[in-house]
1. How many residues are surrounded by fewer than 24 Cβ atoms within 10 Å (Cβ to Cβ) and either in a loop (DSSP other than H, G, I, E, B) or modelled with pLDDT under 95 (or both) when one looks only at region 362-416?
2. So in region 43-56, with the set limited to residues that are part of a loop (DSSP other than H, G, I, E, B) and near the ligand (Cβ under 6 Å from one of its atoms), which one is farthest from Val273 (Cα to Cα)?
3. Could you list, ordered by first residue, the pairs with Cβ atoms under 7 Å in which the first is in region 198-226 and more than 22 Å from Met1 (Cβ to Cβ) and touching a residue at least 24 places away in the same chain (Cβ under 8 Å) and the second is part of a helix (DSSP H, G or I) and basic (Lys, Arg), at least 6 apart or interchain?
4. Out of (1) crowded, with 18+ Cβ neighbours inside 10 Å; (2) in contact (Cβ under 8 Å) with a residue 12 or more places away in the chain, the odd one out for Glu350 is which?
5. Going by what's in this entry, would Ser257 be described as surrounded by 23 or more Cβ atoms within 10 Å (Cβ to Cβ), assigned to a helix (DSSP H, G or I), touching a residue at least 60 places away in the same chain (Cβ under 8 Å) and within 14 Å of the ligand (Cβ to nearest atom)?
6. For the list (1) within 24 Å of Thr48 (Cβ to Cβ); (2) in a strand (DSSP E or B); (3) not acidic (Asp, Glu), I need the number of the one condition that Leu229 fails.
7. Here is a check on your reading of the model: is Ala20 surrounded by fewer than 24 Cβ atoms within 10 Å (Cβ to Cβ), of a type in the set (A, V, I, L, M) and within 12 Å of the ligand (Cβ to nearest atom)?
Amino acid sequence: MRIAIIGAGLLGVASAYYLAKEGHEILVLDRQSGPARETSFANASLLTPNHSFSWAAPSAPWLLLKSLWQADSGLRFKPHMNSQLLDWGLRFLRHCTPGRHRANTLAKTRLCFYSMAETDKVTRETGISWQRGSQGVLYLFRDRHELELNDRNLALLREVGAAIKPISWDEVVAIEPGLAHACSKFVGAMHGTSDEVGDARRFTEALAEVCKARGVTFRLSTTIDGLDLEGDRVTALKTASGPIKADAFVLAAGSYSPQLARRAGLHLPIYPVKGYSITAPVGDPEQAPRTGGLDEGTLVAFARLGDRVRMTSVAEVGGYDTSYSPENFTKILATGRELFRDGIVLDRAEHWACLRPATPDGPPYIGPTSVRNLWLNTGHGYLGWTMCCGSARLLADQMMGRATELDTRLYRYGRY
Ligand SMILES: Cc1cc2nc3c(=O)[nH]c(=O)nc-3n(C[C@H](O)[C@H](O)[C@H](O)COP(=O)(O)OP(=O)(O)OC[C@H]3O[C@@H](n4cnc5c(N)ncnc54)[C@H](O)[C@@H]3O)c2cc1C
């Protein structure tokens, strides 16, 4: 079978890897000049099954409302309105009940754990390296109420195997010596022992090379303008250089998936949620981070990637704008300085912003659609790195008509 995959981000490339293993002829298309040039380019670099909550939570509507007057909050709503947002927002609000939050969080967590095992398998099978760090991830709390709330919420994740526990400040310092000076700023810490750190871009690029060596074709700098349909099947992708035909198509276009799905008559409730990141060289190694973590007070994440440090923040519901200005990075830089002092050369930081493809309930869309040969692997929100290999395996198993290890109804388009 000839399969065309739209998107060479984490999800498109992982899908290509699993489908190529089945012996299919795979073509990956992307408008960018290389793999992982959009959202998969410079994310927070954390693989965090132990922290895989659905954003649609009972507290979310209040947090979004509060962000209208608290400009520096981690979760932000930038006032704007369009029909895509209205539809997504109403669905999001419907999922903010305790019951839906629980079900959606468990669906995500199961996929995250499944995916971590798949990522490990892919890494061993291929020998690719992605600056992997396996010493777990730290969650640092500045507020006692937040810490207690988090511990209560974690009971849910522990039901499906989460390995996360409270640790003392001495234990924090044993993992992250650069934080020895910062004890007075925090009231407590958690350690997600099976969480990991790694560069999503390196992973995607390295896996794309493996795919090429196994016969996958990458057609880059090619924008898909639409889909040709005959009855309930896609026959070709429309491009400026003519139609591209295949027997089956996988839509893995991140935040831009709804626009392409619409051309096939599908309504895909995915909305972009913007985030900002910096990547800076390591300074004094004694003060620099050694692994990954999240400052739950400022909602700034950090990760050590070889001789660089990645820091990210903000979830901003503001449409498709990917521009940024210096003030968008103020909080990240201030947290970097406060926690790691001279450990990160912040004045040499590279800046970046991109869009998380978020579904209203949290879990992604993986599997078939009402268009018989159009499949989805998209909508992974803030956990696309953590969920990528598991999602690609679930997709391939479904396309091959095989039994899957997880209940695919939880990740199916049209599940509500
Ligand atoms: C700031 C930030 C921090 C994050 N941190 C983490 C983290 O620590 N851990 C984690 O698990 N996840 C994290 N994520 C989420 C994760 O990065 C995303 O879920 C993941 O990258 C999405 O991958 P994707 O392949 O779906 O999308 P993308 O990487 O965006 O790939 C989609 C591809 O489709 C292509 N495309 C789109 N439309 C067209 C078209 N019409 N024609 C041709 N090509 C097209 C694009 O060029 C793009 O290359 C973070 C995201 C952000 C923004």
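1. Within region 362-416, residues that are surrounded by fewer than 24 Cβ atoms within 10 Å (Cβ to Cβ) and either in a loop (DSSP other than H, G, I, E, B) or modelled with pLDDT under 95 (or both) number 18.
2. Taking region 43-56 and keeping what is part of a loop (DSSP other than H, G, I, E, B), we get 43-45, 48, 52-56.
From the residues that got through so far, the ones that are near the ligand (Cβ under 6 Å from one of its atoms) too are 43-45.
Values: Asn43: 13, Ala44: 14, Ser45: 17 Å.
By that ranking, first place goes to Ser45.
3. Cβ pairs passing all conditions: Gly226/Arg263.
4. So the condition that Glu350 fails would be (1).
5. Details: surrounded by 23 or more Cβ atoms within 10 Å (Cβ to Cβ): yes; assigned to a helix (DSSP H, G or I): yes; touching a residue at least 60 places away in the same chain (Cβ under 8 Å): yes; within 14 Å of the ligand (Cβ to nearest atom): yes.
Yes, satisfied.
6. The one condition Leu229 does not meet is (1).
7. no
Condition check ((1) outside any strand (DSSP E or B); (2) in contact with a Gly (Cβ under 7 Å, 6 or more places away or on another chain); (3) within 16 Å of the ligand (Cβ to nearest atom)) across all residues:
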| position | (1), (2), (3) |
| --- | --- |
| Asp170 | yes, no, no |
| Leu179 | yes, no, no |
| Met190 | no, no, no |
| Thr204 | yes, yes, yes |
| Ala208 | yes, no, yes |
| Cys211 | yes, no, yes |
| Ser221 | yes, no, yes |
| Ile224 | yes, no, yes |
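The values are calculated or read from the model by the stated rules, or taken from the named source; none is laboratory data. In this text the structure is predicted, and so the values were computed from the model without any measurement. We place every Cβ from the backbone using ideal geometry, glycine too, and count neighbours over all the protein chains shown.
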